[in-house]
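J.: Provided herewith is a single structure, encoded as structure tokens, for subsequent inquiry.
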Amino acid sequence: MHQKKLEDYRKGRLDEMTIAEMQQEMHEGKVTSEELVLMYKENISLRDKNINAVLEINPDALQIAQALDYERKRSGARGPLHGIPILLKDNMDTGDKMHTSAGSLALENHYALKDATLAEKLRGAGAVILGKTNMTEWANFMSDKMTNGYSSRGGQVKNPYGPFDVGGSSSGAAAAVAANLAAASIGTETSGSIIDPAAQNNLVGLKPTIGMVSRSGVIPLSHTQDIPGPIARTVEDAVTVFTALIGVDPEDPVTNMAADFEGYDWLAHLKENGLEGVRLAVTPDLFKEIPDEQRILFEQAKERLKECGAEIIEDVDLGANQEDLGFAVLLHEFKADLNAYLAKTDPLNPIRTMADVVSFNNEHPETMLKFGQNLMEQANSLSGMLTEREYVEALERNRYLAAEQGIDATLKEIDADAILLPHDFGCNVGAAAGFPAITVPYGFTETKEPFGITFYGRAFDEPKLIEYAYAFEQAVKGRKKP
């Protein structure tokens, strides 16, 4: 960088800074939002060529930051996100000069007509939307052979820690934050797509309860299971961003359930003693295939949890396996939800239906069909009306097995507070139930691959999960810069 002050700050201070630290230094006049944007853009230009996490930069980011700096001087900060650069996954609408494509070249020229509700909320909180991140194309539901982190528009996202799986589908959102290309990011999860990449990139990922955060303006996969959530380097950062996303949105009726959490003091749950007396259930049926290195780390993590005051309840039978749930709900809802989204895009957008996407891919096989599109073809062959018996039965079965019979009944029966799992194992069950989860960095395998510990709870158990995650994070300090 041409300014020595900024170059010194970027090299010696910026990496691993928390949102609270950035906010304090802006308050004290040591740095500005404009300078944060400049430094993160410098990081992106230098580091992202090896990671491929960022698809595009918001052309207005610098001037938005300048305006927020002026506002700070004139009337003070709006709140803890004022002037903080945040990245969004490329399936989130922004009514600005950036595209929204779900990683697909079929939508490479698509501009959203308005902000997604979550983008609007972030702007209202004073955040700077810095850019869009690469992702597994169509939220990893185009082909069951697709590599995590690959998209036709952006290519392959790489894990900044080495030749490891980067996780899907919020791959770029995680890799970018791990590499210090932004303060935090927003990912989306349908089944593991926040927890998995966060764990694979030594980060905190918070997957909210369905109904806590609006999905309006997010390119959908499944209205039953889709949910946006924060990916950050610390629990406190994740909670700070999460707070700004929560709220009722008339365009997404399920968010009426978030009314009690608007204005809630989430930071009050950052308790170093948050694990004392907590009972955590371990359900080994959900991680039968865990690699030996990860199993050893999980056993070590359980001992650390005990040192923090938690009681571990071993060998709990959840009564539901991931294999019991299947993909029928996602297959049927993908067509219905994507068609509804595409129909409301700019009339000049030539891609109006899932059938149009399939046709586009077939017309450009060299660029679009590197991994095929068998899942999208399966979904497209369905009616999209959600009337099929297969769908109705699967929806009811999934909810019953995962939520009522599974997580709810099990925790009640053994008087436990949450389920404890290694890394992203068991994510399908929590996703089918619509329940929350949070993953926290624990450490690394002998080959230096990141490993995380994940807490799963019942609906709207986020306050408790945050306490457990924060206490564990403070005890183990598992986050390490790549």
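The values are calculated or read from the model by the stated rules, or taken from the named source; none is laboratory data. Note that the coordinates shown come from a computational prediction; the quantities given were computed from them, not determined experimentally. Counting neighbours? That spans all protein chains shown, and the Cβs are built from the backbone with ideal geometry, glycine included.
J.: For G277, which of the numbered conditions (1) part of a strand (DSSP E or B); (2) out of contact with any Phe, Trp or Tyr (no Cβ under 9 Å at 6 or more places or on another chain) fails to hold?
T.: Checking G277 against (1) part of a strand (DSSP E or B); (2) out of contact with any Phe, Trp or Tyr (no Cβ under 9 Å at 6 or more places or on another chain), the one that fails is (1).
J.: Scan segment 345-379 for residues that are at negative phi and touching a residue at least 24 places away in the same chain (Cβ under 8 Å) and report the count.
T.: Restricting attention to segment 345-379, the residues satisfying the condition of being at negative phi are 345-371, 373-379.
Now narrow it down to the ones that are touching a residue at least 24 places away in the same chain (Cβ under 8 Å): 345-346, 349, 351, 354-357, 360-361, 364, 367-368, 370-371, 373-376, 378-379.
Number satisfying all stated conditions: 21.
J.: List the number of the failed condition for E396; all other conditions in (1) acidic (D, E); (2) within 13 Å of E333 (Cβ to Cβ); (3) under 28 Å from the mean Cα position of the chain (by Cα) hold.
T.: (2)
J.: Based on this model, can you work out whether L113 counts as surrounded by fewer than 20 Cβ atoms within 10 Å (Cβ to Cβ), free of Cβ contacts under 8 Å to residues at least 24 places away in the same chain, of a type in the set (A, V, I, L, M, F, W, C) and out of contact with any strand residue (DSSP E or B) (no Cβ under 6 Å at 6 or more places or on another chain)?
T.: no
J.: Quick one: how many residues across segment 153-200 are more than 10 Å from the chain's Cα centre (by Cα), part of a loop (DSSP other than H, G, I, E, B) and more than 21 Å from T94 (Cβ to Cβ)?
T.: The qualifying residues number 13.
J.: May I pose another question? If we scan segment 15-32, do we find a residue that is of a type in the set (S, T, N, Q), part of a helix (DSSP H, G or I) and over 21 Å from H2 (Cα atoms)?
T.: Yes, segment 15-32 contains a residue that is of a type in the set (S, T, N, Q), part of a helix (DSSP H, G or I) and over 21 Å from H2 (Cα atoms).
J.: To continue, here is another question. Among M22, M39, which is the only one that is in contact with a Lys or Arg (Cβ under 6 Å, 6 or more places away or on another chain) and assigned by TED's automatic domain parsing to the domain that holds L81?
T.: M39
J.: Continuing with this model, one more query. Could you tell me whether segment 419-432 includes any residue that is under 24 Å from A139 (Cα atoms), touching a helix residue (DSSP H, G or I) at 6+ places or on another chain (Cβ under 9 Å) and acidic (D, E)?
T.: yes
J.: Restricted to segment 360-384, and to residues that are aliphatic (A, V, I, L, M) and not in a loop (DSSP other than H, G, I, E, B), which residue is surrounded by the most Cβ atoms within 10 Å (Cβ to Cβ)? Before the answer, list the steps.
T.: Initial filter on segment 360-384 (aliphatic (A, V, I, L, M)): 368-369, 375-376, 379, 382.
From the residues that got through so far, the ones that are not in a loop (DSSP other than H, G, I, E, B) too are 368, 375-376, 379.
Details: M368: 21, L375: 20, M376: 23, A379: 25.
It comes out as A379.
J.: Run down F472, F435 and say which single residue is aromatic (F, W, Y) and farther than 18 Å from A232 by Cβ. Break it down into steps so the answer makes sense when it comes.
T.: Working: F472 fails: farther than 18 Å from A232 by Cβ.
Among F472, F435, only F435 is aromatic (F, W, Y) and farther than 18 Å from A232 by Cβ.
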